[in-house]
1. I want to confirm something. Restricting to the range 49-76 and keeping residues that are assigned to a helix (DSSP H, G or I) and over 21 Å from TYR127 (Cα atoms), which single residue is most open to solvent (accessible area, probe 1.4 Å)?
2. Quick one: would you say ALA46 is modelled with pLDDT of 90 or more, under 14 Å from TRP128 (Cα atoms) and open to solvent by less than 60 Å² (accessible area, probe 1.4 Å)?
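The values are calculated or read from the model by the stated rules, or taken from the named source; none is laboratory data. Computed from a predicted structure; not experimentally measured. Accessible surface areas use protein heavy atoms only, side chains included; no ligands, DNA or RNA. Shrake-Rupley method; radii C 1.70, N 1.55, O 1.52, S 1.80 Å.
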Amino acid sequence: MGTLRKRAGLLLAVGASYGCAGVPEGVALLAEEPERPYREIARLEASGRIGAPRAGAYERLRREAARLGADAVLKTGEERKYRRATPPETLGNRASLGDAYPDAAEVFRPGFFGYEGGGVATVAGYYWQVEGVALDLE
């Protein structure tokens, strides 16, 4: 029983370091223009990972807004898109299956298989593309 508790503690620690540490708590996600005065900082867009829920793409949008010093993000659009896998002949010397160093969140995602990044995708699937405006609330 002690080993099971140690493993559960390790998984919680990994989850906290990868999933929760970068959450921008102070950046609100708005569906409508705020009633109080505001200033537009920047127009932003973000993509989620293949197979991930829409919330992941919005989390990336909020993280970018927080980096710019925004108080909120006004949602302006979202679209579910499909990404084809990169054909094997374009991979060159790169491994076509698996990522030698996947991040911890990916390893624990059901159905993990393949690699995304650096313009190469050996997995295909649907992902979310979201858009918003970073706002400075006055």
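1. Among those that are assigned to a helix (DSSP H, G or I) and over 21 Å from TYR127 (Cα atoms), it is ARG67.
2. Yes, satisfied.
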